[in-house]
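J.: Please find one structure pasted underneath; my questions will follow.
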Amino acid sequence: MSFVPKAHAGFTLAEVLITIALVALLMAAAVPMLQGVQERVAFARAHTELAGIAQALEQYRRTYGDYPQTGDFPEAAPTRDDPLVANRAQSKLFNALTGVFGPVALTAGDRLHGPEFIDASALTVEAPEEAVSRSEDRQARPEIAAALLDPWGRRYLYYYKRASATLAWTASSYWLYSAGPDGRHLPPDATSGVGDTADGDAANADNVWGNRPR
């Protein structure tokens, strides 16, 4: 008569504990890898969006002879701590590229109601939904408080001169960038456009640049 061993009825406590420990180890190894992939995707998206905005700015310059000017308008904080209003550099950029203003963008009399240079629906926009839904009637398009947002939910940053005898912009071109995952940056001087472009600076270390004057 042959002996047939009994089938193993279940896991022992030790086996369960070992399995839990192995799963925990695998998860601990996988989470940083996943976060690294997500971060690389975010950086790639920021580079792509900034390239698109830069291309729109070149089209704007070819149309009007200069880039949108923001020299007299204060910056809204990239981390959205500062309430966004129309009288901010980021809003001026948005309104210029969506056809509301020409290069100077000072008063309602300067409104051009011209062509759109970006497709706002393809980007993340900080603005009331109804405000982004632009009227097909260009003359009916109002100036709105709106900013283009980077993959970390922060405002893209843009600086350029204002044509004024009291504001001498000596930088070679405009500034366009994301403050990156940490939301920290050192902006250029609002008058001259001169600033620290060093990646080694702690505040600028993870910035994503669309354009930075040298």
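The values are calculated or read from the model by the stated rules, or taken from the named source; none is laboratory data. The model shown is predicted, which means the values in this text are computed figures rather than measured ones. Note: ideal-geometry Cβ built from the backbone for every residue, glycine included; neighbour counts use all protein chains shown. Please note that ligands, DNA and RNA were not included when accessible areas were found on the heavy atoms of the full protein model with its side chains. Shrake-Rupley method; radii C 1.70, N 1.55, O 1.52, S 1.80 Å.
J.: List every residue pair whose Cβ atoms lie under 8 Å apart, where the two residues are 6 or more positions apart in sequence or sit on different chains, the first residue falls within the stretch 15-31 and is open to solvent by 70 Å² or more (accessible area, probe 1.4 Å) and among the polar types (S, T, N, Q), and the second residue, located anywhere, is modelled with pLDDT under 75 and not in a helix (DSSP H, G or I).
T.: Cβ pairs passing all conditions: T19/F11.
J.: Please go through the stretch 66-91 and pick out each residue that is within 16 Å of P188 (Cα to Cα) and in a loop (DSSP other than H, G, I, E, B).
T.: To start, the set of residues in the stretch 66-91 that are within 16 Å of P188 (Cα to Cα) comprises 69-78, 88-90.
Those that are within 16 Å of P188 (Cα to Cα) and in a loop (DSSP other than H, G, I, E, B): Q69, T70, G71, D72, F73, P74, E75, A76, A77, P78, R88.
J.: On the given criteria, is A198 at pLDDT 85 or above, over 25 Å from V85 (Cβ atoms) and either open to solvent by less than 50 Å² (accessible area, probe 1.4 Å) or over 17 Å from the mean Cα position of the chain (by Cα) (or both)?
T.: No, not satisfied.
J.: Is it true that T63 is over 21 Å from D189 (Cα atoms) and either touching a residue at least 24 places away in the same chain (Cβ under 8 Å) or not in a loop (DSSP other than H, G, I, E, B) (or both)? Can you show your working first?
T.: Values: over 21 Å from D189 (Cα atoms): yes; either touching a residue at least 24 places away in the same chain (Cβ under 8 Å) or not in a loop (DSSP other than H, G, I, E, B) (or both): yes.
Yes, satisfied.
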